[in-house]
Amino acid sequence: MTLLNDASALRNLHARARGWARVLKLPFRQQRWRGNAGEFMGGGTGSSLDFHDHRVYLPGDDPRQINWQAYARTGTYSMKLYREEVRPLVDVVLDVSASMFAFPSKEQRALELLAFAVESSLQSGATLRCHAIAGSKQQRLEPEVILSGKWPEQVSELHGTPSAPELNRLPLRAGAMRIFISDLLFPGEPESTLGCLSTRNGRGIVLAPYANDEADPGWDGNYEFIDPETGLPHEHRVESALLKRYESAYKRHFELWKAAALKHGIAMARVSAEAEFQKALQNEGVASGAVETA
């Protein structure tokens, strides 16, 4: 049984993720938020204890916010304004195309990233929505179903779609932090995918799990490769020149993604499946702004 099909193991994974989310967090404090009352600084004024500004009193204003000390000095009514505190909006999108689960280590890292994003959002009091996507197919996932470990049952029909995930089909909310968990191993230009993460004042973050089996395979000789999206076998003889072309294409692929992410102001972190989770996420995550330390 794989981790993806073991509800008990997925629940245990979330228990570990609660600890990770107390050490590393999604970068909520790097953005001004608008939404329901919460603990993060908003873009407007409200009733927190954090003084923001003052202005002249206008009829209809709450008299409790009058600055009486200033009135005693000047004889003019003025208002104390305090920074609004709001709940962040977080949209988590998980790529469930088959390549995400091609190797056991990569499958585990992808599921760990999902658990971390969910737990970090919940610990911060964010209003959370989750989606699974593969090509043009999508499925809304309720956070409580993810926490139960039973969400893979809802996405089984989404597998086997080799096309690029069509994020433009998702109801991503304006002003939300948008977490896209994907290995980015699909055809198409990065621009169309990343543009969907930054529209309507969205803050895009890409967490890309990868395995050494694909990044540095060390092939030599005859192999039967299985396309993870279609399940079809392909026989190839891999010699040094072919391996170098593969490694060059693989490196160039992610250089294009990182350049496009920089252009769109999106934080992108590739996360190794071999290292311990916190170390792997922190390696590129902190420097890129995809996560921050507690």
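The values are calculated or read from the model by the stated rules, or taken from the named source; none is laboratory data. These numbers were taken from a predicted model, which means no experiment stands behind them. Here the Cβ positions follow ideal geometry from the backbone for every residue, glycine too, while neighbour counts run over all protein chains shown.
The numbered conditions (1) over 30 Å from R129 (Cβ atoms); (2) surrounded by fewer than 13 Cβ atoms within 10 Å (Cβ to Cβ) are all true for P187 except (1). Out of the residues in the stretch 261-294 that are closer than 17 Å to A117 by Cβ and charged (D, E, K, R), state the one that is surrounded by the fewest Cβ atoms within 10 Å (Cβ to Cβ). Going through the qualifying residues, I end up with E292. Among residues that are surrounded by fewer than 22 Cβ atoms within 10 Å (Cβ to Cβ) and assigned to a loop (DSSP other than H, G, I, E, B), P165 is not included. Exactly one residue out of A174, A275, A260, A267 is in contact with a Lys or Arg (Cβ under 6 Å, 6 or more places away or on another chain) and among the small types (G, A, S), and it is A174. Might you check whether a residue that is aliphatic (A, V, I, L, M), at pLDDT 75 or above and surrounded by 17 or more Cβ atoms within 10 Å (Cβ to Cβ) occurs anywhere in the stretch 25-33? The answer is yes, given that some residue of the stretch 25-33 is aliphatic (A, V, I, L, M), at pLDDT 75 or above and surrounded by 17 or more Cβ atoms within 10 Å (Cβ to Cβ). Is one or more of the residues making up the stretch 79-90 assigned to a loop (DSSP other than H, G, I, E, B) and surrounded by fewer than 22 Cβ atoms within 10 Å (Cβ to Cβ)? Within the stretch 79-90, one or more residues are assigned to a loop (DSSP other than H, G, I, E, B) and surrounded by fewer than 22 Cβ atoms within 10 Å (Cβ to Cβ).
Okay, residues lined up against (1) of a type in the set (K, R); (2) under 19 Å from S99 (Cα atoms); (3) at pLDDT 95 or above; (4) in contact with a Pro (Cβ under 9 Å, 6 or more places away or on another chain):
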residue: E191; (1), (2), (3), (4): no, no, no, no
residue: G195; (1), (2), (3), (4): no, no, no, no
residue: V206; (1), (2), (3), (4): no, yes, yes, no
residue: D213; (1), (2), (3), (4): no, yes, no, no
residue: A241; (1), (2), (3), (4): no, no, no, no
residue: S272; (1), (2), (3), (4): no, yes, yes, yes
